[in-house]
Amino acid sequence: MRKSFNTRLGWWLERPGWFIWCFISLLPFCCLLQTYDTDPFISTALFLLTSVLEGIGLWRLGAYMLLPASLGVTLLQYGLAGHGPNAHWHWITIQLMIHFTTAWLTRGLVKHFIEAGQTNLDMILALSKSLDSRDPYTAFHSDNVAHYAVQLAAAMKLPESVRKAVYVGGLLHDIGKIGVPEAILSKPSRLDEHEYHIIKQHPALGYDILKHIPKFKHNGVLQIVRHHHERYDGKGYPSGLKGDEIPLAARIIAVADAFDAMVSKRAYRKQDTNIEYALDEIRKGRGSQFDPNIAALFLDLVEYGQLRMPLSVTGQHAAKSNAILRRTLRGIST
């Protein structure tokens, strides 16, 4: 409930134009209230409401922009439209200070809320890049998996909150490999039994790394990280879950992860795998390795040309890529 409220609040705060429109719409009422014998409580409540809307609507601008707006509201309600003692300048000055201070405090709270979310987005991006930077052969693997997975989630018509969690889970699904020795990650030949056992620990390691981040406990990212190597037939790891026991988001990531792993260069495979071969492997894995419905949907997206392939990100495009990621992720941290 709290997560849903915070997510909706973050969505609205990112669109301050609505609050500016509400603020402007209330201005005529500030003038009309002084024309009639209005209850002082209603008049004061409207006055404070305009200050709150002003602070939210102008949070992206400098604090100095609040002063002329506050002055305009104060003059409308207690100055030009006022009568008797309400028109005295000392009274107008006091009301101006109250309005400006309330707007200023509101703007500060909104900026703090937004910046806290931005910090979380930066952390997510840093975590995803920290792993990919270790191995040039998987430099964009996490981005690619997230890219494919969110398209699958959209094709399944899953809610936006789930799509965002799937995207973040795609970025972080292999974060546990930070704890795997680089000699094993970049080994150019087949892993032996002991090395494979170490590799199989990365979902649990990733879970341990991220489990202390509160939002990941609620939005499904932890389940993605822990269970993206489970198999539909129950022969996967680390928990041996099968069928619908595997979280839906983890089943989506499993297909996207396998596809990108098969079509990308790796230390043990210097050339790209033919996409047809990768699709054939996914086709063979329906009902055994993969959720049959998700795998079938993925194959349909490719067959009908609806799956957008990700663009590789190089130096000059890195900043643009991060900006796109931030826009895509915005709101998941609130």
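Remark: spin-label model distance THR44-GLU276 equals 7.9 nm, labels positioned 7 Å along the Cα→Cβ axis. Note on ALA63 and HIS194: their simple-model spin labels are 6.2 nm apart, each label 7 Å out from Cα toward Cβ.
Residue separation of TRP89 and ALA155 scaled by 0.36 nm, minus their Cα-Cα distance, works out to 17.6 nm of gained length. Restriction of the trypsin sites (Lys or Arg not before Pro) in the range 159-211 to DSSP coil positions whose beta-carbon has at most 12 other beta-carbons within 10 angstrom yields ARG190. When the pairs LYS211/LYS284; LYS200/LYS242; LYS164/LYS217; LYS111/LYS157 are compared against a 26 Å limit on Cα-Cα distance, LYS211/LYS284; LYS111/LYS157 fall above it. Projecting label points 7 angstrom from Cα along Cα→Cβ for THR101 and ALA183 puts them 6.7 nm apart. For the range 51-67, backbone phi angles converted through the Karplus equation (6.51, -1.76, 1.60; θ = phi - 60°) give residue-by-residue couplings of 5, 5, 4, 4, x, 6, x, 10, 5, 7, 9, x, 4, 5, 6, 6, 5 Hz, Gly and Pro being listed as x. Rounded to the nearest whole Hz, the Karplus-based 3J(HN,Hα) values (6.51 cos²θ - 1.76 cosθ + 1.60, θ = phi - 60°) of the range 177-189 follow the sequence 5, 4, x, 9, x, 5, 4, 7, 4, 9, 5, x, 10, with x at glycine and proline.
Read-outs: derived from the displayed coordinates by stated rules, not from any lab. Keep in mind the model is a prediction, meaning the values are calculated, not measured. For neighbour counting, all protein chains shown are included, and Cβ atoms are generated from backbone atoms with ideal geometry for every residue, glycine included.
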